[in-house]
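Here the structure is laid out as structure tokens; the discussion comes afterwards.
The values are calculated or read from the model by the stated rules, or taken from the named source; none is laboratory data. Note that this is a predicted model, so its numbers are computed, not measured. Counting neighbours? That spans all protein chains shown, and the Cβs are built from the backbone with ideal geometry, glycine included. Ligands, DNA and RNA are excluded from the accessible area calculation, which covers all protein heavy atoms including side chains. Shrake-Rupley method; radii C 1.70, N 1.55, O 1.52, S 1.80 Å.
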Amino acid sequence: MFSIVLNIVGTLFHLYVAARLYSLDAVRTHIPRRAWWIGAFLVWLLYFVGVRVGDEALDWRWWPGQFALTWLGITFVMSLCLLAADLASGFGFWWRAHTQKLRAIGAIAGVLLAAFALFQGMRAPSIVEQEVVMKDLPRALDGTVIVAVSDIHLGAQRRSEWLAARVAQINALQPAAVLLLGDQVEDNPVGEPQLAPTLRGLRAPLGVWAVTGNHEFYGDVETTVSEFQQGGVRWLRDRQVELAPGLVLAGIEDIGRTMRNEGDYTGGLARTIPTRTDTATILMSHIPAPDIIQEARERGVDLMLSGHTHGGQIWPFSYAVQQRFARYAGAYDVEGMLLYVTRGAGSWGPRMRLWKPGEIIRLTLRTPA
């Protein structure tokens, strides 16, 4: 079903962009119609094959699958710009004298925006600083630095070499603990011998901790968990630990499947934090579901960390994501509890971001003034 949707949507974008580009005099006068449409068909065929390969292989690792996702992103961004030009000219029914100029501007804008989105998707994640006041934090822990990273999506686009660069970024922040907030993999286990030694390069005296995201369950989740454990990562799957005296770290298993089946997805949180706590508590939950946020606040959580949304990743999908998750990117004060929803360090699908790049969060814990 997923591949059918991608084929239909991608085909429409592809045909619209191809038709609008060929309507430009500068293109028509230099490229014969037959040659243009044969070329357009061949590119579409590669897209079609890429979608089939990616959907059947699940991990999109073969290059046609990666081309398909990238081409889908490029044609989407270009379609937005060309559609804006068409609307401005009434699809050629008014402002006829300016139709060619408007379409040319739309085409150039589409190419530039797609290039910018690719740059934002491929650049190193930015570092975002956030101070967190925790009312029950012991004085001895004031100034403790914790680094949170979500949605790495290791797999086709990002491998251990990319992760090694992120390890260097994280170590430079001198964290006491590193928290991985889910979607560590695209779907299947990474399967690289370099993964474990790369992960062991993280320097965090209080440990490296992780929770599952929905993408871990698209593949063999237990093998993925084992791979990361070999690298020194400890998983919190509906459990909590004392990170330091007076500071608790809790993590819940991904709730994506339960949400999709419209079930009660708060059970994991109830098992993890069964009663209201008066200890400084950090909760890791991959998905910032409204009921989880409310339950966490009621159970005395001071800081909740989530990912999943990618901040919309490619505008204007941010508006659609916001309809699903009202708190979809950044810091939110939820009646005294701080919720931080990170855009994530990686990306899903096209390796593109419009407008903001990926991010790594550096959290400084503070006692009340």
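Along the axis of the charge dipole computed for segment 187-327 (Cβ charges of +1 for Lys and Arg, -1 for Asp and Glu, origin at the Cα centre), the listed residues MET259, PRO288, THR224 are led at the positive end by PRO288. With an a/c value of 1.5 or above and a/b not larger than b/c for the gyration tensor axes a ≥ b ≥ c computed over the alpha-carbon atoms, segment 189-262 is described as oblate.
In the frame of its principal axes, segment 64-154 has Cα extents of 72, 34, 16 Å, reported largest first.
Volume of the convex hull of the chain (Cα atoms only), normalised per residue: 150 Å³.
For ARG353, the residues whose amide H sits under 5 Å from its own are LEU118, GLN120, GLY121, ignoring neighbours fewer than 5 places away on the same chain, with H placed 1.01 Å from N. When segment 67-221 is described by a simple charge dipole with +1 on each Lys and Arg Cβ and -1 on each Asp and Glu Cβ, the residue from GLY110, THR99, LEU163 located farthest towards its positive end is THR99.
Averaging the sequence gap over all C-alpha pairs within less than 8 Å and six or more residues apart, then dividing by the number of residues, gives the chain a relative contact order of 20 percent. Loop-located trypsin sites (Lys or Arg not before Pro) in segment 74-142 (DSSP state not H, G, I, E or B) with no more than 13 neighbouring Cβ atoms inside 10 Å: ARG123, LYS135. Run through the DSSP bridge list for segment 176-317 and note the antiparallel percent, rounded to the nearest 5. Expressed as a percentage, antiparallel bridges in segment 176-317 total about 25. Backbone geometry of segment 346-358 corresponds, through the Karplus equation with coefficients 6.51, -1.76 and 1.60 at θ = phi - 60°, to 3J(HN,Hα) couplings of x, 7, 10, x, x, 7, 9, 9, 9, 10, 8, x, x Hz, x marking Gly and Pro. Top mean-square fluctuation among LEU247, LEU339, LEU202, Gaussian network model of the chain, C-alpha springs under 10 Å? Between LEU247, LEU339, LEU202, it is LEU247 that shows the largest mean-square fluctuation.
Counted over all Cα-Cα pairs of segment 231-365, pairs farther apart than 24 Å make up 30 percent. For the pair ALA165 and ARG260, the difference between a 0.36 nm per residue extended length and the Cα-Cα distance amounts to 30.7 nm.
With r as the distance between the Cβ atoms of TYR319 and SER23 and R0 = 22 Å, compute the FRET efficiency 1/(1 + (r/R0)^6) and round to 0.05. The calculated FRET efficiency here is 0.15. Solvent-accessible surface (1.4 Å probe) assigned to VAL111 amounts to roughly 80 Å².
Result for the chain in a Gaussian network model with C-alpha springs under 10 Å: among VAL341, VAL301, VAL128, the largest mean-square fluctuation is at VAL128.
Kindly list the residues of segment 251-284 that lie in the label zone of ALA140, defined by a backbone N under 20 Å from the point 7 Å along the Cα-to-C-beta vector. Of the residues in segment 251-284, 278-282 have backbone N under 20 Å from the label point off ALA140.
If you run the Gaussian network model on the chain, springs between alpha carbon atoms under 10 Å, then out of LEU181, LEU15, LEU305 the most flexible one is LEU15. When Lys and Arg each count +1 and Asp and Glu each count -1, what net charge do the other residues less than 13 Å away from ALA19, Cβ to Cβ, add up to? Computed value for this residue: +3.
Length gained on full extension, LEU42 to GLU192, computed as 0.36 nm times the residue gap minus the Cα-Cα distance: 50.6 nm.
Subtracting the Cα-Cα distance of GLN229 and ARG203 from their residue separation scaled by 0.36 nm leaves 7.8 nm. Based on the alpha-carbon gyration tensor of segment 164-206 and its eigenvalue square roots a ≥ b ≥ c, which shape applies: rounded if a/c is under 1.5, prolate if not and a/b is larger than b/c, or oblate? Prolate, since a/c reaches 1.5 and a/b exceeds b/c. About its Cα centre, the dipole of the chain is roughly 1460 debye, where the only charges are +1 on Lys and Arg Cβ and -1 on Asp and Glu Cβ.
Backbone geometry of segment 166-172 corresponds, through the Karplus equation with coefficients 6.51, -1.76 and 1.60 at θ = phi - 60°, to 3J(HN,Hα) couplings of 6, 4, 5, 4, 5, 4, 5 Hz, x marking Gly and Pro. Distance between the 7 Å Cα→Cβ label points at ARG52 and ALA97: 5.1 nm. Does anything in segment 67-91 have its amide N under 19 Å from the 7 Å Cα→Cβ label point of ALA115, and if so which residues? Answer for this model: 70-82.
The amide H of HIS308, built 1.01 Å from its N in the peptide plane, has ASP151 as neighbours under 5 Å, considering only residues 5 or more places off or on other chains.
Can you grab the distance from the C-alpha centre of segment 295-342 to the C-alpha centre of segment 205-280, Å, no decimals? Spelled out, the Cα-based centre of one part sits 17 Å from the other. When you restrict to C-alpha pairs under 8 Å that are six or more residues apart and normalise by the size of segment 147-198, the relative contact order lands at 60 percent.
Annotation for VAL128 and GLU222: the two label points, set 7 Å from Cα along the Cα-Cβ direction, are 3.6 nm apart. Beta bridges from DSSP with both residues in the chain: antiparallel share about 30 percent, rounded to the nearest 5.
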